[in-house]
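Take a look at the structure below.
The values are calculated or read from the model by the stated rules, or taken from the named source; none is laboratory data. Computed from a prediction, not measured in an experiment: that's the story for all the values here. Accessible surface areas use protein heavy atoms only, side chains included; no ligands, DNA or RNA. Shrake-Rupley method; radii C 1.70, N 1.55, O 1.52, S 1.80 Å.
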Amino acid sequence: MIYTIENVYIQPVNHNILFNTITAPQPPIIYLPTSVTSYTYSQPIQTQYIYPIHTINQQTNEFKKVSQDFVQKERAKTPVKRPPTPLSSDEQLNLNLSRYGYRRQLVNGDGNCFFTAIASQLITLYNQDRYFRIAIKQRLNLPENLFTNITQLARTLRKLVCLEWKINDTKYKPYINDVNYYDEIRKFRSDKFYSSILGDILPLTISNLIGVHIKIITNLSQCPLIDVCPQDEPLLSMKSMPILTLAYNQENDGHYDIALEKRDKERF
């Protein structure tokens, strides 16, 4: 109970403030630190309620409730964005191919995938382009019947690549570190062998050997396209030089497929 200067006491009742007066047999006299000697207090209304005043805890709880309701409403308006699920290596490769207007033609993963993908495209060009046919026969000096059999041509290309590495060792040896260069060449002569650091320079070697431009579309989002141009004399003039296109998935031991241009209908 709290007394005021006017003999009015304030008593909390159920979180309401109750004003009341102190009854006295005679009018109360209030002594003040002024020159006024006495003061007669008139009788007020005995009891009066004012608006409820909440405690600090009640105010805090109400504020929290309003804040939580507001946050929930805002979340309902703007759902939480979750990070996208990472693409698999195959999905990323297909996405990169599509961006450049290509699709995959699958090649068997038997250890000869690179040579098979190259041989298949060489045979197509050999049959479709007369100038390419004349130029490739003069450059590689291969029998014509090889350009009717993908498997045999792929094996022949492997032998030609190993011979290129051996003859022009000063050109390719700087790319190979911490291994015996000639031991790796001997291993690579075996059919379907692929587990060698020499595999990293296969595209460059074939490009130099045949004199063609090779375009490789990878499954890497940061490096989706690799262009390989011949360091030596090209097979044909730059304007008419053919382009061999490969799809490369570097996951695990790596694998090459053929990259074919999409037809107009397939682009949409």
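Given the Cα atoms of segment 165-210, and with Rh set as the inverse mean 1/r over their pairs in the Kirkwood sense, what is Rg to Rh to two decimals? Ratio of gyration radius to Kirkwood radius for segment 165-210: 0.92. Accessible surface for segment 84-215, divided over its residues, is 53 Å² per residue with a 1.4 Å probe.
Could you compute how fast segment 131-249 diffuses translationally, taking Rh as the Kirkwood radius over C-alpha pairs and applying Stokes-Einstein at 25 °C with viscosity 0.890 mPa s? Give it in µm² per second. Rounded, D is 159 µm²/s.
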